[in-house]
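Q: The structure under discussion is supplied below as structure tokens; questions concerning it will follow.
The values are calculated or read from the model by the stated rules, or taken from the named source; none is laboratory data. Keep in mind that this is a model prediction, so the values were computed, not measured. All Cβ positions, even for glycine, are placed from backbone atoms using ideal geometry, and neighbour counts span all protein chains on display. Only protein heavy atoms, including side chains, enter the accessible area calculation; ligands, DNA and RNA are left aside. Shrake-Rupley method; radii C 1.70, N 1.55, O 1.52, S 1.80 Å.
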Amino acid sequence: MATGRLHIIEVTHHRDGTWSYIDLNRHLGEASGPDGTIPSVARDSGLVATGSGAKGQRLAYVDIYGSVVELTNDGAWTGFRRLVTEDGIPAAGSGRLAATSAAGPVAAGPVVYYLDAEYHVVRLEWSDEDPGRWTHRTASDAPAGSPASALAALATGTHHCAYYVSGWHIIEVSWDADLTQGRTDLTSSVKGADEPNTAPYALSSLAAEGYGSDGRRVFYPSQTGDLIALVLDDGTKRWEALDLTIESGASVTATPTPLASLSVVGDDGFENTRSRVFSLNESHELSAMSREENGWLPKVVTGAPPASPLSALSCAGDPYSDLEYTPFIDGFGHMITLLRTENGWDWVDLSGELDLPEPVARSPLSAVVTESGAHLSYLTRETVPDGWSDR
């Protein structure tokens, strides 16, 4: 036997507390008929999930020809679209993806970002106008990203923003409600962001979160392994660079480390009551840096297995409960998720509980919560007869 195509596995935590999983390639292939096999996932593809309410869940990846592919779930997984062929959208130059789910003045629905063949940011926005379609804009006048650049995105009440690395600088590309585009070299323009302990490096991972009217936080590891936050304060509208490692007394991050962050908005829509960014420390234990009333506090999640050095991270908060989900891959190739409740931290070995297909090395991870539950996705590789090819 040989290994074949990459398959997408979705693990769901249902509202009744049970877990299940589905192989989306097999499911959608069977649903679409013998000629409806979904496009093959590229080896360097990311996975991004968006969704809210009972319907409207979407999962995006990059296929082996550079097309962004959308899988759709309007109550059940029903189909896919190759956006390059269907909508004239530019091909991707790398597999990096980022997305936001928030609707509002800037976008009516989900927004997906990626880097095109020249490594400029492309913004895909879903429009619900009949019959429903994706539109795109390319930030061709912003600096090109590095070929291996990470990508992150956030949404606030007034802007949608994407972040990437160009050289050793963090670049922000933003759009307001009129879709007027802005661009800022944050490393050069934010005071203190270009110091040795705060400057990024070419392979720095990125995470971002927006809150309130226009509050923004962009996280990355510095050249010295410190966890850095570039913060646009929602009140003063001024950027500042914070060294969270020094400020909180935390240990430095692993090199490299994945990042994932989440932000939950308070009842008034503006006060950010919970903010958390996850990384790996030098022992590859998961570390949660939380923004509390008195500042940033570090927490190494003890008891959970250490992550694989190749693991990605993702996270999602449940707006219908107090649960937070943070999936990762441990050193034995098991899919694990941290669970945070009002009572503290717990974790579940999903591979052990569900006998999941083994994740591939460097598998991307995605997490989203809808009314039906939490949905965590990763990549596995199909086992096929010798001599089989996916092209």
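Q: How many residues does the range 95-123 hold that are open to solvent by less than 10 Å² (accessible area, probe 1.4 Å), of a type in the set (Gly, Ala, Ser) and modelled with pLDDT of 90 or more?
A: Qualifying residue count for the region: 2.
Q: Pull up the range 67-94, narrow it to residues that are modelled with pLDDT of 90 or more and touching a Gly at 6+ places or on another chain (Cβ under 6 Å), then point me to the one that is nearest to Tyr164 (Cα to Cα).
A: Ala92
Q: Quick check on my filter: what residues within the range 184-204 are open to solvent by 20 Å² or more (accessible area, probe 1.4 Å), touching a Pro at 6+ places or on another chain (Cβ under 8 Å) and at pLDDT 95 or above?
A: Asp185
Q: State all residues of the range 341-355 that are touching a residue at least 60 places away in the same chain (Cβ under 8 Å) and open to solvent by 20 Å² or more (accessible area, probe 1.4 Å); if no residue qualifies, say none.
A: First, pick out the residues of the range 341-355 that are touching a residue at least 60 places away in the same chain (Cβ under 8 Å): 348, 350, 353-354.
If the condition is that a residue be touching a residue at least 60 places away in the same chain (Cβ under 8 Å) and open to solvent by 20 Å² or more (accessible area, probe 1.4 Å), then Val348, Glu353, Leu354 are the ones that fit.
Q: Residues in the range 167-180: is at least one in a strand (DSSP E or B), under 21 Å from Trp239 (Cα atoms) and either modelled with pLDDT under 90 or hydroxyl-bearing (Ser, Thr, Tyr) (or both)?
A: yes
Q: Kindly list the number of the only condition in (1) of a type in the set (Phe, Trp, Tyr); (2) within 21 Å of the chain's Cα centre (by Cα); (3) farther than 25 Å from Leu206 by Cβ that fails for Phe332.
A: Against the list (1) of a type in the set (Phe, Trp, Tyr); (2) within 21 Å of the chain's Cα centre (by Cα); (3) farther than 25 Å from Leu206 by Cβ, Phe332 comes up short only on (2).
Q: So, Val173, is that one in contact with a Lys or Arg (Cβ under 8 Å, 6 or more places away or on another chain) and of a type in the set (A, V, I, L, M) or not? Quick ask: steps written out before the conclusion?
A: Numbers: in contact with a Lys or Arg (Cβ under 8 Å, 6 or more places away or on another chain): yes; of a type in the set (A, V, I, L, M): yes.
Here the answer is yes, as Val173 does meet what is asked.
Q: While we're here: Tell me, yes or no, whether the range 210-233 has at least one residue that is at pLDDT 95 or above, open to solvent by 30 Å² or more (accessible area, probe 1.4 Å), within 20 Å of Ser261 (Cβ to Cβ) and in contact with an Asp or Glu (Cβ under 9 Å, 6 or more places away or on another chain).
A: No - not one qualifying residue is present in the range 210-233.
Q: Can you tell me which residue is nearest to Tyr220 (Cα to Cα) among those in the range 129-166 that are small (Gly, Ala, Ser) and outside any loop (DSSP other than H, G, I, E, B)? So that I can check it myself, show each step before the final result.
A: Just the residues of the range 129-166 that are small (Gly, Ala, Ser), to begin with: 132, 139-140, 142, 144-146, 148-150, 152-153, 155, 157, 162, 166.
The next check asks that each one be outside any loop (DSSP other than H, G, I, E, B); those that pass are 152-153, 155, 162, 166.
Numbers: Ala152: 10, Ala153: 13, Ala155: 18, Ala162: 14, Ser166: 14 Å.
Step by step, filter the range 129-166, then rank; the result is Ala152.
Q: On to the next question. Is it the case that some residue within the range 356-371 is modelled with pLDDT of 95 or more, open to solvent by 40 Å² or more (accessible area, probe 1.4 Å) and in a helix (DSSP H, G or I)?
A: No: the range 356-371 contains no residue that is modelled with pLDDT of 95 or more, open to solvent by 40 Å² or more (accessible area, probe 1.4 Å) and in a helix (DSSP H, G or I).
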